[in-house]
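Q: Let me begin by handing over the structure; questions about it come next.
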Amino acid sequence: MACLEYKFRAPKKQTSKAPPLLLLLHGYGSNEDDLFSFADYLHDDFLVISVRAPYALQPMGYAWYAIHFDQDLRKWSDDEQAKESTKIIMQFLKELQNEYTFDQTQIHLLGFSQGGILSYALGLSHPNKFNSIAVLSGYLNQNITQLQTEQETPSIFVAHGTLDEVVPYAWGEASVRLLNEKGIKPEVSYEDVGHTLGQKGFQNLIKWHEKLRANQG
């Protein structure tokens with residue numbers, strides 16, 4: 001299946017309806033176990049799929065795309081690999097339909113760091129495919145995102161630490177300002193933590209997801 005490994009959790013609450021799908025995308029150097037614990041706290045009716053990124057890192061971990069370092073210790077992203085990963089995920093979703101029954105109109109993204117960057121790229125480039133985007137400690141990379149502003153965009157939640165030493169808070173905040181300028185109003189949760197989801201952000205994420213599911217049924 002698009003050569004991607006993953007973990008899944010069936011919906012805890014069984015109904016006659018096809019369940020919504022929640023796709024979890026981990027950060028650079030991590031794996032599919034990283035965000036999977038979120039599944040126990042989010043809405044019971046989700047089919048949860050936590051995906052392992054395609055590029056292996058040494059000595060362990062995986063990435064959605066390479067991050068290169070030069071002699072001045074500056075770093076930059078491999079945007080071509082990132083674009084390829086978005087294509088792989090879209091193909092993975094298509095093939096997932098052959099394995100699981102889920103509501104095609106209710107596909108939700110949740111990504112941390114590099115996974116959050118890809119969640120922005122996927123959700124905003126394909127607004128008719130995804131129902132919501134949760135971006136944790138990420139930013140909007142315009143080089144890999146085709147912002148479809150003429151279409152209704154997915155609901156968006158953004159959480160970022162003001163002390164983030166990996167993906168600077170300024171990048172995340174600038175992404176929110178860019179969205180606001182485009183008429184897109186994400187729900188935002190900032191707090192004084194580093195490159196992590198703090199307790200406030202976690203509680204706000206849960207509340208946002210509960211409100212989202214209550215409104216959409």
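Q: Calculate how large, on average over all directions, the projected area of the Cα convex hull of the chain is; give the answer in nm² to one decimal. Display every interim value, and only then the final one.
A: Details: hull surface 47.2 nm².
If I average the Cα hull's projected area over directions, I get 11.8 nm².
Q: Now, a different point. Say we join alpha carbon atoms closer than 10 Å with springs in a Gaussian network model of the chain; which of H26, H68, H108 then has the biggest fluctuation?
A: Between H26, H68, H108, it is H68 that shows the largest mean-square fluctuation.
Q: Amide H to amide H under 5 Å from V166: which residues, 5+ apart in sequence or cross-chain, H placed 1.01 Å off N in plane?
A: Counting only residues 5 or more places away or on other chains, the set is H195.
Q: When the helix-only estimate is applied to the chain (DSSP H runs of n ≥ 4, each -39,500 (n - 2.57), divided by the residue count), what is the mean residue ellipticity at 222 nm, nearest 500 deg cm²/dmol? Show your work: numbers first, answer last.
A: Numbers: 4 runs with 61 residues, N = 217.
So the helix-based figure for the chain works out to -9000 deg cm²/dmol.
Q: While we're on this one: State whether segment 125-217 is rounded, prolate or oblate according to the following rule on the C-alpha gyration tensor (a ≥ b ≥ c being the square roots of its eigenvalues): a/c under 1.5 gives rounded; otherwise a/b larger than b/c gives prolate, and the remaining case gives oblate.
A: Numbers: a/c = 2.23, a/b = 1.18, b/c = 1.90.
Oblate, since a/c reaches 1.5 and b/c is not below a/b.
Q: Mark the label point 7 Å from the Cα of Y55 along Cα→Cβ and return the residues of segment 132-168 whose backbone N is within less than 19 Å of it.
A: Residues passing the 19 Å test: 138-146, 166-168.
Q: Ok, one more. Using Cα pairs closer than 8 Å and at least 6 residues apart in sequence, work out the relative contact order for the chain, in percent.
A: On the way: 439 pairs, mean separation 36.7, N = 217.
RCO, the chain: 17 percent.
Q: Can you give me the span-like helices of the chain, meaning DSSP H runs with 30 Å or more of Cα extent along the axis and Kyte-Doolittle mean at or above -1.0? Don't jump to the answer; show the numbers that get you there.
A: Working: long enough: none.
Helices meeting the criterion: none.
Q: Just in segment 165-217: which GluC sites (Glu not before Pro) are loop by DSSP and have at most 10 other Cβ atoms within 10 Å?
A: Working: sites: E165, E173, E181, E187, E191, E210; in loops: E165.
Answer by residue number: E165.
Q: With both partners inside the chain, how many of the DSSP beta bridges are antiparallel, as a percent to the nearest 5?
A: Numbers: 10 of 35 bridges.
In the chain, approximately 30 percent of DSSP beta bridges are antiparallel ones.
Q: Let me ask something else. If you plug each phi of segment 184-192 into the Karplus form 6.51 cos²θ - 1.76 cosθ + 1.60 with θ = phi - 60°, what whole-Hz ³J(HN,Hα) values come out, in order, with x for Gly and Pro?
A: Result, ordered by residue: 9, 10, x, 7, 10, 9, 10, 7, 7 Hz.
Q: Taking amide hydrogens as modeled 1.01 Å from N in the peptide plane, which residues meet the under 5 Å criterion relative to L22, leaving out close sequence neighbours?
A: L47, V48, I49, H108
Q: Which whole-angstrom value gives the distance between the alpha carbon centres of segment 5-49 and segment 176-217?
A: About 18 Å separates the Cα centre of segment 5-49 from the one of segment 176-217.
Q: Using DSSP to define loop residues, name the chymotrypsin sites (Phe, Trp or Tyr not before Pro) in segment 34-143 whose beta-carbon has at most 15 other beta-carbon atoms within 10 Å. The partial results should precede the final answer.
A: Values: sites: F36, F38, Y41, F46, Y55, Y62, W64, Y65, F69, W76, F92, Y100, F102, F112, Y120, F130, Y139; in loops: Y41, F46, W64, Y65, Y100, F102, F130, Y139.
Here the chymotrypsin sites (Phe, Trp or Tyr not before Pro) that fit, given the DSSP loop and packing criteria, are Y41, Y100.
Q: Give, in nm to one decimal, the length gained when the segment between K182 and E152 is fully stretched (0.36 nm per residue of separation minus the Cα-Cα distance). Working shown, then result.
A: On the way: separation 30, 0.36 × 30 = 10.80 nm, distance 1.15 nm.
Fully extending the segment from K182 to E152 adds 9.7 nm.
Q: Could I ask something else about it? Quick check: net charge around L118, other residues with Cβ under 12 Å of its Cβ, Lys/Arg +1 and Asp/Glu -1? Numbers along the way, then the final one.
A: Working: positive: K83, K87; negative: D79, E84.
Neighbour charge sum, excluding L118 itself: 0.
Q: How much net charge surrounds S37 when only other residues with a Cβ under 12 Å from its Cβ are counted (Lys, Arg +1; Asp, Glu -1)? Please report the intermediate quantities before stating the final value.
A: Values: positive: K7, R9; negative: E32, D33, D34, D40.
Here the charged neighbours net out to -2.
Q: Count charges around V193 for me, please; just the other residues with Cβ under 14 Å from its Cβ, Lys/Arg as +1, Asp/Glu as -1.
A: Details: positive: K200; negative: D164, E165, E191, D192.
Charge balance near V193 sits at -3.
Taken together, the values in this text are just the output of simple stated rules run on the coordinates, not laboratory data. Everything numeric in this text was worked out from a predicted model, so none of it was measured. Cβ coordinates were reconstructed from backbone atoms using ideal geometry, including for glycine residues, and neighbour counts include every protein chain displayed.
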